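The values are calculated or read from the model by the stated rules, or taken from the named source; none is laboratory data. The structure displayed is predicted, hence computed values, not measured ones. Reconstructed Cβ throughout: ideal geometry from the backbone, glycine too, with neighbour counts over all protein chains shown.
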Amino acid sequence: MAITSPQVHIARTQICEIGRRMYAKGFIASNDGNISIKIDNRRLLITPAGVSKGFLEPDDIIMCDMSGEVIAGTSKPSSEIKLHLEVYRKRDDVGAVVHAHPPYATGFAVARIPLTICILPEVVISIGSIPLASYATPSTDELAEVVSPHLEKNNAILLANHGTLTIGEDVFEAYYVLERIEHLAKVSLIARQLGGARPLGEEELKKLAEVSGGTVEVGEIEKRCSNCGVCGKPVNNKLGSQDTKVGDNQGERNGLKVDNNVISSIVDDVVKKIAEG
Ligand SMILES: [Zn+2]
């Protein structure tokens with residue numbers, strides 16, 4: 001395929017459009033954030049480094065090969081290109097990657113508190129678990145390394161003390177995941193200020209699986225819930241009985257997650273050892 005083609009031009013304009021939306025929504029400040037689209041198995045388009053993504057023109061977008069070498073473009077590609085390349089290496093199904101610093105989701109990432117998915121029906125259905133990747137210096141190989149293990153199953157990842165990484169089949173999907181997790185983070189924070197979020201109960205989650213029309217199985221929801229790491233309990237373990245508040249008994253505040261089940265099993269072990277003399 002030629003360097004310019006209708007397909008490439010459309011992808012360039014889509015990146016500009018998503019950049020404008022991210023900037024207008026306050027998901028990025030100043031020159032932050034980066035967006036890429038995979039053109040084919042050998043090439044991607046990516047935003048340039050050091051410019052606001054709110055005012056991009058199609059010609060500003062850089063074309064690179066899958067090792068990060070520039071094929072077409074007059075400026076340097078985003079310094080986070082390694083992160084984007086790692087996603088495409090790991091996931092064949094992904095056509096676009098969006099990295100941003102949305103304030104609410106980034107607030108959770110800075111406080112190192114994972115986002116709970118089982119408090120909003122649309123999040124349970126549309127997004128899998130949202131892991132929190134350990135901190136790594138932006139734009140280094142190390143960042144790609146800490147994110148890599150989370151890529152296999154997740155389309156949204158919080159980057160500790162940094163921001164978000166969202167991926168999708170196309171750039172609109174990757175953007176909508178970003179929009180959704182930022183909305184989730186905002187609602188989570190408000191619920192916390194009002195005394196704590198109450199997760200959906202077992203019955204509610206079962207009904208959600210039913211209305212999803214086979215898109216999501218109950219087992220899949222259970223898996224997502226047990227992976228979210230906040231309520232930390234699978235559905236069949238009485239997750240989200242109506243009077244359970246997220247964060248109440250999990251010691252998750254200050255980013256320290258203490259699972260009561262783990263504590264009880266340690267206490268049991270100690271008591272047993274004492275009894276055995
Ligand atoms: Zn960043």
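Here ALA156 qualifies as in contact with a Ser or Thr (Cβ under 7 Å, 6 or more places away or on another chain) and in contact (Cβ under 8 Å) with a residue 24 or more places away in the chain. Of everything in the stretch 117-148 that is closer than 22 Å to SER67 by Cβ and assigned to a helix (DSSP H, G or I), the residue that is nearest to the ligand (Cβ to nearest atom) is LEU143.
The one condition from (1) free of Cβ contacts under 8 Å to residues at least 12 places away in the same chain; (2) in contact with a Pro (Cβ under 7 Å, 6 or more places away or on another chain) that CYS118 does not meet is (1). None of LEU200, LEU205 is buried (at least 22 other Cβ atoms within 10 Å of the Cβ), more than 16 Å from the ligand (Cβ to nearest atom) and either part of a helix (DSSP H, G or I) or modelled with pLDDT of 95 or more (or both) except LEU205. Number of residues in the stretch 140-161 that are closer than 19 Å to HIS101 by Cα and within 12 Å of the chain's Cα centre (by Cα) equals 10. Filtered by the rule that a residue be of a type outside the set (D, E, K, R) and without any contact (Cβ under 8 Å) to a residue 12 or more places away in the chain, the stretch 38-73 gives a lone residue, VAL70. Counting only strands (runs of 3 or more DSSP E) wholly contained in the stretch 5-100, the ones carrying 3 or more residues that are more than 16 Å from the ligand (Cβ to nearest atom) occupy 34-40, 43-46, 62-65, 70-72. Residue pairs whose Cβ atoms lie under 7 Å apart, separated by 6 or more positions or on different chains, with the first residue in the stretch 1-26 and under 20 Å from GLY50 (Cβ atoms) and the second in a helix (DSSP H, G or I) and aliphatic (A, V, I, L, M), are ILE15/VAL171; ILE18/VAL171.
Just one of the listed residues (VAL123, VAL97, VAL87, VAL147) is crowded, with 19+ Cβ neighbours inside 10 Å, among the β-branched types (Val, Ile, Thr) and closer than 24 Å to VAL218 by Cα, and it is VAL123.
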